[in-house]
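Report on the following structure.
No lab work stands behind these numbers, since they all come straight from the coordinates. Computed from a prediction, not measured in an experiment: that's the story for all the values here. Please note: Cβ atoms are built from the backbone with ideal geometry, for glycine as well, and neighbour counts cover all protein chains shown.
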Amino acid sequence: MEPHRETLEDVLAALGSDSRCGLSDAEAASRLTRFGPNQLESTKPIPAWRKFLAQFTDVLVVLLIIAGVISAVLWVVEGESALPYEAIAIFVIVLLNGIMGYVQQARAERAVHALRNMSAPQATVIRDGVQKRIPSSLLVPGDIILLEEGDTIPADARLIVSTSLKTMEAALTGESLPVTKHTAPVPRDATLGDRHNMVFSGTAVSYGRGKAVVSATGMQTEMGRIAGMLEQAPAERTPLQEELDRVGRTLGKVVVAIAVIMIATIVMVGNIDGAASFFDVLILGVALAVAAVPEGLPAIVTAVLSIGVLRMANRNAIVRHLAAVETLGSANVIASDKTGTLTKNEMTVRKIVTASGVIRMSGSDEPEIIPRGDADPERLRAELSRALIAAERANNAVLQKHHDGRWSVQGDPTEGALAAAAWNSGFERAELDRRFRRVAEIPFSSERKLMSTLHEVATRDGQLRAFTKGAPDVLLTRCSHELVGEETRPLTKERRAAIMAANEALADEALRTLGVAFRSVDAAEADDCPPEEIENNLVFLGLIGMMDPPREEAKQAVADAKAAGIRPIMITGDHPRTAAVIAAELGITGNRRAVTGAELERMSDETFDRTVREVSVYARVNPSHKLRIVQSLQRQGAIVAMTGDGINDAPALKAADIGIAMGITGTDVSKEAADIVLADDNFATIVAAVEEGRAIFSNIRKFLRYLLSSNIGEVMTMFFGVLLAGFIGLTDADGGLVLPLLATQILWINLVTDGAPALALGVDPAHPGLMRRQPRPRGEGVIPPRMWVGIFIVGATMAAGTLAVIDAALPGGLIEGTGTVPYAQTMAFTTLTLFQLFNVFNARSDERSAFTGLFSNRWLWGAIVLSILLHAAVIYLPVLQKAFSTVSLSLSDWLFCTVVASSVLWVRELTKLAFATGNGKAISA
């Protein structure tokens, strides 16, 4: 059964209920057994230990665990240091990453729990003809429930009686205004927002009262269906996570290949005598392979993302999942809700049309007076004052000022907008209460579509004044005159037509319109005057057009997003005309086309995908439509950032590549399902966060470029040092093979240079042109082909320079020297360390010169100084000399190493210049 399309009699018959007596207690108990409690189901929880262990299954993490084990074995065999520092560092890194991942996951899983907490704890029902309060979990289909203003609705239900009933459904449907309810059937294909004869679990009564028959409970409610979708939505891996896994798999293959090739090479070219010698070679090959893994990578990624979290927090974007920081920078679609994100989420009077012209309102600024023809502006001002007083008096909303200077509305948002417009125009409520004291009210009803209040006029004894507001077409039929300046004139047929034309024009601008009128009533006759008579022979004061206006900064943010290659899309539960007008005003779309949820429902998958490619505004959509739009965008290669604030947004927020919830107006459900929460509910903050995310990804590429090129330099030095040992004199007195560097020296280089300098690259300032570039495609790796070319050029330069220094330090070879093997290894050790410190400037860009913004990152210079001091300690402190087999170097030795190491800077500058020249760019661009 679809209760919204059936007659009330058919619904009651299908549910086996009576509108006056409700169900019997016995029948309710039977149904409770059959249907289960009115609460959301929970899945069987995964044990905490399994969640924790799951954090250690990523490829790179597994590779690091293996590297740590090998490093520990190497320490046991060689025993050259007091503790296995490298192994300890690796295991600490892995453990910290695991703990952080576990904590983040635990927070995300609270999303469904937040859904359960939104259910009303108590419900008023009629059973056996008796009204009673029961726990809402005991409600069953067929129960008759009573609803009052302020109630949270406990289940989905079909209305039996609606007395001026309005509900706030923004959290479920996205509708920004209270929804007026009735009891008549609605069409079968009506979306949730148009089912005005239904009330839904988890929404709230904002006005009036009603009676309804429960049609669905628990997981069968609309909220329950969303909870089901939220449970089923897969946890999407971010592009950064996918790329790091890919890098990890590649490194795993490279590490195995390096170990095999190095061992085979040493065995072939060296003098391996006995099992002990072979075991030494085996350990060396494995140690070199371990050194090829940038063990600092996960820690540095985590640290850089954490720093990004702090930066985003300063820009009002609170990040719940670390990987989301980078993903937002990769987004090429922002699918945004309208209400509260692109708009202010506060109804505001925009235009008032009276007999003498139009007044444009702009918040607290002076209204813009536009007289009609040669009308007197002062006459128009008088009409404005009368219209605003009437709107403020026929009104039950209360404005409240908070200690932080913000205002909030208690009551209907539309009435709040009218009260705010009057207050902004200088009409204080206390003064109006003195001038016009309310003595009676004729409440709004959906049948009359009017509301009137009766007031004593302080300056006129014995006279009352009625103020009326309501639907313009209905109100106009009750009016006999119109106010022109201070004079009342009869309403002619021509003026009635002109007023209705003005009303249509306001509606075309997506403004919600109300008419206001007044009449004087003699106090002596008021008691005998029936309510319907008071609302006749009224004097028409004007039309008031209201809307939730766009944020001032949102239009610029949309333009900035487009300039950055990001496509903004509006997905809202609001009216199509409202959505289209707001989208056009903000520049989201050049036309006023908006596709509704009902239209999407009828589309095939192929048509749906084509529509999603072409259309940027969607209105009157339900949760499944939002989810389908996000999935369609992802199928077409988009990286989607989805914003939302309601329960209905949660599945799409979870399914999107990056979910963004509203911090002020958002429900707990949307916040827990999202990756990022906006502290100011502002679209402009999303664009600012995108810029931050792009800067973070750029910095991740910088330290990846640095770490990998440095490690490849080490590997090539060792490989070619062994292969070319005879040519460069790298042999002992007996002609046996001598290694360019010892295993401990390689591990020390990684420990010193993979740490502070790489982390400093992670906080490098963003390039000014970052937001004028297109987002990177989903399929593009973290390390594109051009970047690999630069990495290998740098690695080869390092290896060639280091081997040249060894050759120059030793007797024989291509360059004659006089030093010992420990001296040559210390020179190579120092040169390779300095190579990597020079390389850190290369790593800042594949395009720009290393000298561009050379001193813009003070942390980088501090890291370099720290690395040099640590290396000097290994060269000169006796205890460390023994541990790392080094000897002291002279100043001229340091100078020679520095000159050779600087070559990596000049070689890379030349290759950047050659590439820039070939592409017609300047190297400093």
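Within the stretch 516-554, what residues put their amide N at less than 17 Å from the label point 7 Å along the Cα-to-Cβ vector of Asp461?
Under 17 Å, as judged by backbone N against the label point of Asp461, lie 522-525 of the stretch 516-554.
Assuming R0 = 51 Å, what is the FRET efficiency of Thr852 and Glu816, from their Cβ-Cβ distance, to the nearest 0.05?
0.80
Of Lys166/Lys469; Lys351/Lys449; Lys469/Lys493; Lys166/Lys654, which ones are farther than 19 Å apart at the Cα?
Values: Lys166/Lys469 17 Å; Lys351/Lys449 21 Å; Lys469/Lys493 21 Å; Lys166/Lys654 30 Å.
Table pairs above 19 Å Cα-Cα are Lys351/Lys449; Lys469/Lys493; Lys166/Lys654.
Return the FRET efficiency for the residue pair Val186, Asp25: r is the Cβ-Cβ distance, R0 is 35 Å, and the value is rounded to the nearest 0.05. Spell out each step's value before the answer.
Numbers: r = 33 Å, r/R0 = 0.93.
Efficiency for this residue pair is about 0.60.
Going by how many other beta carbons lie within 10 Å of each one, how would you line up Thr596, Thr492, fewest first?
Values: Thr596 18, Thr492 10.
Ordered from fewest to most neighbouring Cβ atoms within 10 Å, Thr596, Thr492 come out as Thr492, Thr596.
Provide the FRET efficiency to the nearest 0.05 for the Asn314-Ala563 pair, computing r from the beta carbons and using R0 = 30 Å.
For Asn314 and Ala563, the calculated efficiency is 0.85.
Give me Glu346, Glu368 sorted ascending by neighbouring Cβ count inside 10 Å, so fewest comes first.
So the ranking, lowest neighbour count to highest, is Glu368, Glu346.
For the stretch 456-497, list residues with backbone N below 19 Å from a point placed 7 Å from the Cα of Ala523 toward its Cβ?
Only 456-467 fall inside the zone, counting backbone N under 19 Å.
I want to make sure I understand the PRE zone here: with the label point 7 angstrom from the Cα of Thr7 toward its beta carbon, which residues in the stretch 175-193 have backbone N atoms less than 16 Å away?
Of the residues in the stretch 175-193, 183-187 have backbone N under 16 Å from the label point off Thr7.
Run through the stretch 431-515 and list the trypsin sites (Lys or Arg not before Pro) located in a DSSP loop whose Cβ has at most 11 other Cβ atoms within 10 Å.
Arg460
Kirkwood Rh, the stretch 349-545, all Cα pairs: how many Å?
Details: mean 1/r = 0.0588 Å⁻¹.
One decimal place: 17.0 Å for the Kirkwood radius.
Compute the distance in nm between two label points, each set 7 Å from the Cα along the Cα-to-Cβ direction, one at Ile46 and one at Glu606.
Reported label-point gap for Ile46 and Glu606 is 3.9 nm.
Taking the number of other C-beta atoms within 10 Å as the exposure measure, put Asp189, Asp764 in order starting with the fewest.
Going from least to most buried by this count: Asp189, Asp764.
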